[in-house]
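Scroll down for the structure; my scribbles are underneath it.
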Amino acid sequence: MNFETALIHAGQAADRQTGSVSVPVYQTSTYKQDGIGRDRGWEYSRTGNPTRKALEDCIAALEGVKYGLAFASGLAAETAVLGGLLKKGDHVVAGDDLYGGTYRLFEKVFRHWGLEISYADSKDPASFKRAMRRSTRLVWVETPTNPLLNITDIAAVAETARKGKALLAVDNTFATPYFQRPAELGADIVVHSSTKYLGGHSDVIGGLLAIKDKCVFEAVKFYQNAAGAVPGPWDAWLTLRGIKTLSVRMKAHEANAFAIAAALSRHPAVSKVYYPGLESHPGHELAGRQMDGCGGMVGFELKGGRPAAESFFRRLKIFSLAESLGGVESLACYPAAMTHAAIPERDRLKRGITAGLVRLSAGIENSDDLLEDLARALK
Ligand SMILES: *Cc1c(COP(=O)(O)O)cnc(C)c1O
């Protein structure tokens, strides 16, 4: 089954009882059993629910692995990976350019439970090699990163993880399986905040995992049931509905992002543009090798710093100033005070998150309207 077909059919065969082509929303907490020990494959909806199972089978197919799991949020999915696979004293090597919530989960939650975490330069595979210890059980990367769209060499880091007998988890939220399939490049676990592109309509919070190996799957599945951060059937259904149009949306997001990146590159008020599709981007060549496209996120820096940013956000009419990304509507965000406010200023600046940095999530509106909105706001 080709990717566009899998988006619509994987895990979602017509309902056996009625022929319903849309997966039914099984709004039930429990299931009648035919006798003691004779259930029909379903016992209790924390443990399993047919609507959720359709979503779990779908993400596994899209990422090209055997097993899928769905969670109440991206962070709940991450928690299940860490909680299900690691124990006190285990070591994690993580790329240093991470979603703020992932960093917070590592530092403010799991460190207290005895996990050891160190960071490697996301752009430099050799630095992952140096960070490995005998106790390293997991390597964690996010690529492209937020908000500078840095690219990590997944195949190189996978090789390092494999040699160190550690698992590799890749957060594929920004690229989605439409543009990047980390499992093909050696990742053991693919992580998604389905809140973003997979859901695609800014109307549902969710997280997904795609897992290669049965033992890994069983450990994380055990944690999913034991800790219980599962999505309800409606959220699973909404996410499935979003996923059906992923290919058409991602094409449109990318076309708009390219047009925006090109226009911003020529604009006198802009000093820098971050988009992997631009030749000037340090990850351009690597992105060309490991991705099928560059996605819909664009970062740029305003010459005028914070005052210029204030004026820019005030004048926007179509882009909304908001957290999150990946929905059909265009969003603009100010990382220094929003998504990355928790990082101390000195570290922020070191990472390129300056007072003039703006992050755009290109929606799928008409590109002329988006370019006009940006041009007006930059005047
Ligand atoms: C949003 C996001 C998350 C967290 O997902 P939630 O659904 O908000 O819990 C994790 N990683 C990345 C890259 C994200 O953008």
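When segment 342-356 is filtered for residues that are of a type in the set (A, V, I, L, M) and in contact (Cβ under 8 Å) with a residue 12 or more places away in the chain, the ones remaining, listed by number, are ALA342, ILE343, ILE353, ALA355. Listed by first and then second residue, the pairs with beta-carbon distance under 8 Å, at least 6 apart or on different chains, first residue in segment 309-335 and within 22 Å of ALA252 (Cβ to Cβ) and without any contact (Cβ under 8 Å) to a residue 12 or more places away in the chain, second within 16 Å of the ligand (Cβ to nearest atom) and of a type in the set (Asp, Glu), form an empty list. Of all residues in segment 220-246, those being in contact (Cβ under 8 Å) with a residue 60 or more places away in the chain and open to solvent by less than 10 Å² (accessible area, probe 1.4 Å) number 7. In segment 310-335, which residue that is aromatic (Phe, Trp, Tyr) and not in a helix (DSSP H, G or I) is nearest to the ligand (Cβ to nearest atom)? Taking the candidates together, the pick is TYR334. Within segment 360-379, the set of residues being open to solvent by 10 Å² or more (accessible area, probe 1.4 Å) and at pLDDT 95 or above comprises ILE364, GLU365, ASN366, SER367, ASP368, ASP369, LEU371, GLU372, ALA375, ARG376, LEU378. Scanning segment 296-340 for residues being over 23 Å from HIS201 (Cβ atoms), open to solvent by 50 Å² or more (accessible area, probe 1.4 Å) and either among the acidic types (Asp, Glu) or touching a Pro at 6+ places or on another chain (Cβ under 9 Å) (or both) gives a total of 2. Output the residues belonging to segment 103-122 that are touching a helix residue (DSSP H, G or I) at 6+ places or on another chain (Cβ under 6 Å) and not hydrophobic (A, V, I, L, M, F, W, C). Selection gives SER118, ASP121.
Taken together, the residues in segment 23-45 that are touching a residue at least 12 places away in the same chain (Cβ under 8 Å), open to solvent by less than 100 Å² (accessible area, probe 1.4 Å) and assigned to a loop (DSSP other than H, G, I, E, B) amount to 9. Scanning segment 54-74 for residues that are within 12 Å of the ligand (Cβ to nearest atom) and surrounded by fewer than 21 Cβ atoms within 10 Å (Cβ to Cβ) yields ALA72, SER73. Output the residues belonging to segment 103-130 that are part of a helix (DSSP H, G or I) and open to solvent by 80 Å² or more (accessible area, probe 1.4 Å). Answer for segment 103-130, where residues must be part of a helix (DSSP H, G or I) and open to solvent by 80 Å² or more (accessible area, probe 1.4 Å): TYR103, ARG104, LYS108, LYS129, ARG130.
For segment 194-203, the criterion of being in contact with a Phe, Trp or Tyr (Cβ under 6 Å, 6 or more places away or on another chain), in the same structural domain as GLU78 (by TED's automatic domain parsing) and within 11 Å of the ligand (Cβ to nearest atom) is met by none of the residues.
The rows are residues; the columns are (1) of a type outside the set (A, V, I, L, M); (2) touching a helix residue (DSSP H, G or I) at 6+ places or on another chain (Cβ under 6 Å).
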site: TRP237; (1), (2): yes, yes
site: ALA252; (1), (2): no, no
site: ALA255; (1), (2): no, no
site: ILE260; (1), (2): no, no
site: LEU264; (1), (2): no, no
site: SER271; (1), (2): yes, no
site: TYR274; (1), (2): yes, no
site: GLU279; (1), (2): yes, no
site: ARG314; (1), (2): yes, no
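I'm trying to understand the selection: among the residues of segment 90-108, which are touching a Leu at 6+ places or on another chain (Cβ under 8 Å), within 11 Å of the ligand (Cβ to nearest atom) and aliphatic (A, V, I, L, M)? Hit for segment 90-108 is LEU105, nothing else.
The values are calculated or read from the model by the stated rules, or taken from the named source; none is laboratory data. These numbers were taken from a predicted model, which means no experiment stands behind them. Heads up, the Cβs are rebuilt from the backbone with ideal geometry, glycines too, and the neighbour counts pull from every protein chain shown. Quick note on the areas: whole protein, heavy atoms, side chains included, nothing else; ligands and nucleic acids left out. Shrake-Rupley method; radii C 1.70, N 1.55, O 1.52, S 1.80 Å.
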